[in-house]
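Here's the structure, in structure tokens; my notes come after.
The values are calculated or read from the model by the stated rules, or taken from the named source; none is laboratory data. Everything numeric here is computed off the predicted structure, so don't read it as measured data. Here the Cβ positions follow ideal geometry from the backbone for every residue, glycine too, while neighbour counts run over all protein chains shown. With ligands, DNA and RNA removed, areas are computed over all heavy atoms of the protein, side chains included. Shrake-Rupley method; radii C 1.70, N 1.55, O 1.52, S 1.80 Å.
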Amino acid sequence: MEEEVYRFYLKQHIGKPALACVKPGDDVFTGQLIGKADEGLSLNIHSSVSGSILEVTKEYIEILKNLPDTAEYLHLSETDPLKLIEEAGICGMGGAGFPTFVKLQTDLSGGGSVIINAAECEPILEHNIKRIIKSGEEVVKGLAIAMEITNAAKGIIAIKEKQKEAIDILKKHVNNNMEIFLLPDLYPMGEERAVIREVTGKLLDINSLPQAAKAVVMNLETIYRVYEAVALKKPVIHKDITVGGAVKEGTTVFLDVLAGTKVSKLLEMAGGLKEDVGELIMGGPFTGKRTTKEDFTHKTTGGILAAMPFLQDKRDMGLLVCACGGNEERLQEIAASMGANVVGVEFCKQAKRVKDNLKCDNPGKCPGQSAKVLKLRSLGAKSLLISNCTDCSNTVMSIAPQLNLSVYHCTDGALRAAGLRLVRKIHLT
Ligand code: SF4
């Protein structure tokens, strides 16, 4: 058996890091608690493998998997559903990382809804849809559990209309208190407030929580892990991940990847990298971050993408930043990799700063980008690098080429590598 190292970051969620409760030399079994939730907002971390603790630092625990794979895992000990979800260490697995047991303490009595976000909005990523196709019944059972905990009258699964096979499977399992809501194929339909707007018709302001619309929104995989925690007493030891882009076997979905797997192992599982590769991305093309083969997955990791090498354009470049796509830091990183000289940075006028993040006033509904494009041109830009949503990219494309500005999008490298259409001009139907 090949011995492999797995790494478990102590902070894979919003809140305080977990506290390591093992030390180097200890032997651990699959499912064993290795990081205990700190007081306040925090989450447990469990080992996904059986083996020996190699290293414990302030940031992570590394385990040498030196015992064979087994389907067995140490079962959770609680009996109450909400306590099981807390003990399992479940957080928002679509990227948000918010502890699920806290979210499910929302009381939706009086006609509220649990909304499952199955939009899987980022291009290339397919693991949520594959999960529905494999485990549609369990997903619906997870929704029923969340509805019962929150006293919700209704369960809604929001999914893109194009996902016909997954929709047909869900239809077989939903009950009379559940509904399948069809979304258009636009980015960012999966943004939490966009989902609520589409489903309820109510646009929340950027500081409001879903409760203001009598709703709780949960990512598709999160609800599946809720089912596992309550029905199977299983901690979070697996993650569904799409590996895509410039990998030899093409975009491939791996369900139930061992938590804490090394990026290089996932690339190998997809046949290894093609010859011509640029950066590696952890996450989706819009919001993912640059990673390396040496890094390890988190509870929130949905994608490992290998992009094409960066096109080189050394001219003066303007950056146009979206709240739901690559942030300024990410666009600066891409611009540097393209050899460009950044002469200005503008933000979509609907992108508002909330603490350290940007949030969009009305995700996916373009407020007009002409003024921003003209401003960047007046600063000397000869090209633009944008991270805008589908609708806003469309608007940029309706003016920038006429001003002789070349347009690049933060998703270009990954989409080219996956053979998908670039985010530029779209034709809304
Ligand atoms: S409207 Fe602007 S901030 Fe909002 S999603 Fe579109 S580009 Fe991003």
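Data for the structure
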{"read-out": "For Glu4, residues with placed amide H under 5 Å, excluding near neighbours", "value": "Lys65"}
{"read-out": "Lys375-Glu161 FRET efficiency (beta carbon distance; Förster radius 41 Å; 0.05 resolution)", "value": "0.65"}
{"read-out": "Anisotropy class of the chain from Cα gyration tensor, a/c 1.5 cut", "value": "oblate"}
{"read-out": "Sequence-separation-based contact order of segment 217-359, relative, with Cα cut under 8 Å and 6+ spacing, percent", "value": "19 percent"}
{"read-out": "Ranked packing of 214-226, 90-102, most packed first, by mean Cβ within 10 Å", "value": "214-226, 90-102"}
{"read-out": "Overall form of segment 51-185 per C-alpha gyration tensor (a/c, 1.5; a/b vs b/c)", "value": "prolate"}
{"read-out": "Cα-projected label distance for Glu268 with Glu179, points at 7 Å along beta-carbon direction, nm", "value": "4.9 nm"}
{"read-out": "Length-normalised contact order for segment 348-429 - Cα pairs under 8 Å, 6+ apart - percent", "value": "25 percent"}
{"read-out": "Relative contact order computed over the chain (Cα-Cα under 8 Å; 6+ residues apart), in percent", "value": "14 percent"}
{"read-out": "Candidates Thr70, Thr251, Thr390, ranked by Gaussian network fluctuation over the chain, Cα under 10 Å, top entry", "value": "Thr70"}
{"read-out": "Test item: Cα-centred dipole of segment 192-255, Lys/Arg +1 and Asp/Glu -1 on Cβ, debye", "value": "160 debye"}
{"read-out": "Span-like helix ranges in the chain, DSSP H, alpha carbon extent 20 angstrom or more, Kyte mean at least -0.5", "value": "127-150"}
{"read-out": "Relative compactness, segment 1-123, computed as alpha-carbon Rg over 2.2 N^0.38 Å", "value": "1.19"}
{"read-out": "Tensor-based shape of segment 274-393 (alpha-carbon gyration tensor, a/c under 1.5 rounded, otherwise prolate or oblate)", "value": "oblate"}
{"read-out": "Estimated 222 nm signal from helices in the chain, with DSSP H stretches of n ≥ 4 weighted -39500 (n - 2.57), rounded to 500", "value": "-7500 deg cm²/dmol"}
{"read-out": "Candidates per trypsin sites (Lys or Arg not before Pro) in segment 320-416, loop by DSSP, up to 11 other Cβ within 10 Å", "value": "Lys355"}
{"read-out": "Rounded to the nearest 10 Å², the accessible area of Lys314 at probe 1.4 Å", "value": "140 Å²"}
